[in-house]
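Computed from the coordinates by the stated procedures, all read-outs in this text should not be read as laboratory data. Just so you know, these numbers come straight off a predicted model, no measurement behind them. A quick note on method: Cβ atoms are made from the backbone with ideal geometry, for glycine too, and the neighbour counts reach across all protein chains shown.
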Amino acid sequence: MSYSFFMPTVNLMGAGCVKEVGNRARTLGAKKALIVTDKDLSKLGLADMIAGLLKEADVKSVIFDGAIPNPTDLNVADGEKIYKENKCDIIVSLGGGSSHDCAKGIGLVIGNGGNIRDFAGVDKSSKPMPPMVAVNTTSGTASEITRFCIITNTDTKVKMAIVDWRVTPQVSINDPEIMAKMPRGLTAATGMDALTHAVEAYVSTIATPVTDACALKAIELISKYLRSAVAYGDNMEARDAMTYAQLLAGMAFNNASLGYVHAMAHQLGGFYDLPHGVCNAILLPHVQRFNLISNPQRFVDMAKAMGEKVDHLSVREGAEKALTAIQQLSADIAIPAGLTQLNVEEKDFEVMAKNAMVDACSFTNPVTAKLEDVINMFKSAM
Ligand SMILES: [Fe+2]
């Protein structure tokens, strides 16, 4: 079997790097940018700041702030209209996963025509999208570097997993000074999303030595710094470390893909409009308990990366330490303990489990699940 490694061409890291956004857009040949963001970031003035930086580099812009959490096919259509009306030639996304995913969706339909629903699945596009620069404001989804784009179908309420190498942005920007503005709950949820990316990539059926290295370092950094980033939002050492951690976790899952945690979390997001990172954090230990028999040594590796002492333990005991360490981290940063607290209802489990089994993220889970296995994982996470 052959493997590919996908990554944006340029990735800017470190305090102050956002100031490069205009120069990078201009070197991509841009004259007018569609800035895709959400209403909150727009109100905070961040979209205007990006517009100002673009203007300094002689790139005009128009702001579309209609990306909502769990962005929909309707958001994509709205953004497409504004891009065309304003004759834009580049997309600059500003935000977390929702803004980047919405921007990718707009780019796909601008480049290929049709409706975003046509692109659910793997590599369904046939033409390139416009150039894209992704300015990240959270430390978790890594959508600024990935070929993944998750858009909710408003008719079926299913979050469509669009995996397409053409949606990879050309430039990603991760500036920890922007992350410092993130509220505590968002820092916790997005940080656990990053941990989930690393864990699912590390146990994926298509993991490679490259993705393993990225995943383990990400797990180590998240275990060491996420609590501090949540507790002291302006701790720049922790914020800086978390930008690297989420980037590494993104590099891992962008190439080794994910598993049932994401496949199931997409259903919770689509059905109940719940935050992605919180759903992942709750499901993570339960799905990994199901996965543990696939390769217990991999779980020992993760426990070690999380700082657990495992040398005196059996492989099974060491593997269990990874699960308890994940649960402890979630509890320490006030992630809800179960789906019951999110008002999830058991009557929806069968439909959500069926949808999870055909979600593109499920295909690389290390243990193949039956319908009742997926339902039981939902139940155990209540
Ligand atoms: Fe995720």
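For this structure, a couple of remarks:
- Amide hydrogen proximity for MET160: with H placed 1.01 Å from N in the peptide plane, the residues at 5 or more positions away or on another chain lying under 5 Å are ILE151, THR152, ASN153.
- Crossing angle, helix 276-291 versus the chain [Cα axis fit, 0-90 degrees, rounded to tens]: 30
- Over the chain, DSSP H runs of length four or greater, each weighted -39,500 (n - 2.57), average out per residue to a 222 nm ellipticity of -16500 deg cm²/dmol.
- Folded to 0 to 90 degrees: helix 97-112 orientation relative to the chain principal axis, Cα: 60
- Rounded if a/c under 1.5, otherwise prolate or oblate - the range 43-87, Cα gyration tensor axes: oblate
- The protection proxy used here, the mean number of other Cβ atoms lying within 10 Å of each residue, ranks peptides 225-232, 116-123 as follows, highest first: 225-232, 116-123.
- Over the chain: Rg over Rh, Cα atoms, Kirkwood Rh: 0.96
- Fraction of antiparallel bridges per DSSP, the chain only, in percent to nearest 5: 15
- Spacing of the modelled spin labels on PHE6 and GLU237, each 7 Å from Cα toward Cβ, amounts to 3.7 nm.
- Of LYS217/LYS304; LYS159/LYS224; LYS39/LYS60; LYS104/LYS347; LYS309/LYS379; LYS32/LYS84, pairs whose Cα-Cα distance is over 23 Å: LYS159/LYS224; LYS104/LYS347; LYS309/LYS379
- Cα gyration tensor, the range 202-267 - rounded (a/c under 1.5), prolate or oblate: oblate
- 16 Å reach of a label modelled at ASP123, 7 Å along Cα-to-Cβ, counting backbone N of the range 160-204: 162-168
- Sorting the segments 237-246, 89-98, 293-302 by their residues' average number of neighbouring beta-carbon atoms within 10 angstrom, most packed first, yields 89-98, 237-246, 293-302.
- Estimated vicinal HN-Hα couplings, Hz - the range 357-369 in sequence order (Karplus 6.51, -1.76, 1.60; Gly, Pro = x): 5, 10, 5, 4, 6, 6, 5, 10, 5, x, 10, 6, 9
- Note on THR154 and GLU345: their simple-model spin labels are 2.3 nm apart, each label 7 Å out from Cα toward Cβ.
- Here the relative contact order of the range 184-380, from alpha carbon pairs under 8 Å that lie six or more residues apart, stands at 28 percent.
- Among beta bridges that DSSP assigns inside the range 10-179, antiparallel share in %, nearest 5: 15
- Using the average count of surrounding beta-carbon atoms within 10 Å as a protection proxy, the listed peptides 254-260, 267-273 rank, highest first, as 254-260, 267-273.
- In whole angstrom, the range 242-378 maps to an equivalent ellipsoid with semi-axes of 25, 17, 16, each derived as √(5λ) from the alpha carbon gyration tensor and ordered largest first.
- Computed over the chain: relative contact order in percent, which uses C-alpha pairs under 8 Å that are six or more apart: 16
- Karplus-derived 3J(HN,Hα), 6.51/-1.76/1.60, for each residue of the range 11-26, Hz, glycine and proline x: 10, 8, 10, x, 4, x, 5, 4, 4, 7, 4, x, 4, 5, 5, 5
- Inter-site label distance for ALA77 and LYS55 at 7 Å from Cα along Cβ, in nm: 3.3
- Angle between the chain longest axis and helix 184-202 axis [Cα atoms, degrees, rounded to 10]: 70
- Integer Hz, Karplus 6.51/-1.76/1.60 couplings in order for the range 242-256, x for Gly and Pro: 5, 5, 5, 4, 5, 5, 4, 4, x, 4, 5, 7, 5, 10, 9
- The overall shape of the range 1-98, judged from the alpha-carbon gyration tensor, is rounded, with an a/c ratio under 1.5.
- One chain, two ends: ARG289 and LEU313. Fully extended at 0.36 nm per residue, the span grows by 6.8 nm beyond their Cα-Cα distance.
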